[in-house]
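Inspection log for the structure reproduced underneath, given as structure tokens.
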Amino acid sequence: MPVLHGVQEALGHVPQQAVAQIAQALNLSRAEVHGVLTYYHHFRSEPPKGPVLQVCRAEACRSVGGEQLLSHAQHCGAHCEVEPVYCLGLCAMAPAVMLEGQPYGRMSSAKLDELLDDVGGAR
Ligand code: FES
């Protein structure tokens, strides 16, 4: 997992070509690495098509509008890749999102629009 996280952090995704190299380096089969890679939605095998916006769907965020925020993010015309996630560790500041690895709490649709406007071309 740490290797896959590292590759994705460095490249934005885990290319298929890297699977064999990772498997060999860790003395695992390619199937084992591929299995982990495809099991967790966090890992991407293709580069993202723009800034990555993660929107929390877990309970604390859901109870204060997280689902509406996700729907807004998916339909506001943002040119970013919207990923639903389950807890960003910002439960006390729900609803929470993470944009390009930067967490934001107490988010609203209006604040999200501002945030996406600031990301230069995300909207
Ligand atoms: S439930 Fe959303 S950050 Fe924890």
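The values are calculated or read from the model by the stated rules, or taken from the named source; none is laboratory data. Bear in mind the structure is a predicted one, so any value in this text is a computation, not a measurement. Neighbour counts are summed over all protein chains in view; Cβ atoms, including those assigned to glycine, are modelled from backbone coordinates with ideal geometry.
Before moving on, here are some points about what is shown:
- Test: residue in the stretch 18-31 that is away from the ligand (no atom under 16 Å from the Cβ), assigned to a loop (DSSP other than H, G, I, E, B) and in contact with a helix residue (DSSP H, G or I) (Cβ under 9 Å, 6 or more places away or on another chain): yes
- Subset of the stretch 42-68 [within 10 Å of the chain's Cα centre (by Cα), within 16 Å of the ligand (Cβ to nearest atom) and in a loop (DSSP other than H, G, I, E, B)]: HIS42
- Which listed residue is at pLDDT below 95 and within 26 Å of LEU112 (Cα to Cα), from GLU100, GLU67, GLU59: GLU100
- Checking the stretch 87-110 against the condition returns a match, with at least one residue being in a helix (DSSP H, G or I) and more than 11 Å from the ligand (Cβ to nearest atom).
- Extreme residue, nearest to the ligand (Cβ to nearest atom), among residues of the stretch 69-86 that are part of a loop (DSSP other than H, G, I, E, B) and surrounded by fewer than 15 Cβ atoms within 10 Å (Cβ to Cβ): TYR86
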